[in-house]
Amino acid sequence: MRVYVPLTLPGLAEAHKAGALGPAPLDAYAVTPALREWYRSDDVEELEYAALGRAAEGSLRMLAADPEAPRRRVVVAVDVPEGAVLADPERGLDQAAYGEVRLAAAVPLSKAAAVHVDAGDAEEDVAAAAAALGAADRGDDDARFTVDGAEDHDLMWFGVQEIPNLIQ
């Protein structure tokens, strides 16, 4: 099962040093039944892209909580057995939780399929989005527009072997 783990660049550096994403439990995103229903598509690639987008928002929330982290969203795509993924059925209908899963154990970085990171030219919009996130969550439409501006930037794809270059 493909799972998308949101991080920051410092979090990616820690994972690289440790050789694993963790510690558990680890919040992540995947194609869940609720995400399928919300996105209304049978195309697996589209659904995985939607899960990646949810993870990018999770990374943005991490950035909002860590003002020292570089303003670039980071998502690591990992392949894990289905039994390693736990979904909270109580939150299945909560729109904020679509695609949300939890990994019960740390995941070796060797299970990573790719790393997705914002390009440098996204930093200004991502910084503004991170700063506006709290207001957007409280219903401020202008702040939501600013947060949505970060989504205009597609995350770039990197191979796992490129992590050392990303964290320098």
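The values are calculated or read from the model by the stated rules, or taken from the named source; none is laboratory data. Fair warning: this is a prediction, and the values are worked out from it, not measured in the lab. Because the Cβ atoms are built from the backbone with ideal geometry, glycine has one as well, and the counts that use them run over all protein chains shown. Protein only, heavy atoms only, side chains kept; ligands, DNA and RNA dropped before computing areas. Shrake-Rupley method; radii C 1.70, N 1.55, O 1.52, S 1.80 Å.
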**Asked** When you scan the range 21-51, how many residues do you find that are closer than 18 Å to residue 159 by Cβ and assigned to a strand (DSSP E or B)?
**Response** 1
**Message:** Quick check on my filter: what residues within the range 12-66 are of a type in the set (Lys, Arg), surrounded by fewer than 21 Cβ atoms within 10 Å (Cβ to Cβ) and under 20 Å from residue 149 (Cα atoms)?
**Reply:** 61
**Request:** Give the residue, chosen from 149, 83, that is of a type outside the set (A, V, I, L, M, F, W, C) and in contact (Cβ under 8 Å) with a residue 12 or more places away in the chain.
**Result:** 149
**Request:** Find all pairs meeting these conditions: Cβ atoms under 8 angstrom apart; at least six residues apart or on different chains; first residue within the range 39-55 and over 9 Å from residue 4 (Cβ atoms) and of a type in the set (A, V, I, L, M); second residue part of a helix (DSSP H, G or I) and open to solvent by less than 20 Å² (accessible area, probe 1.4 Å).
**Result:** 47/35; 50/35
**Prompt:** Where in the range 74-166 are the helices (runs of 4 or more DSSP H), entirely inside, with at least 3 residues that are surrounded by 18 or more Cβ atoms within 10 Å (Cβ to Cβ) and modelled with pLDDT of 90 or more?
**Reply:** 123-137, 141-150
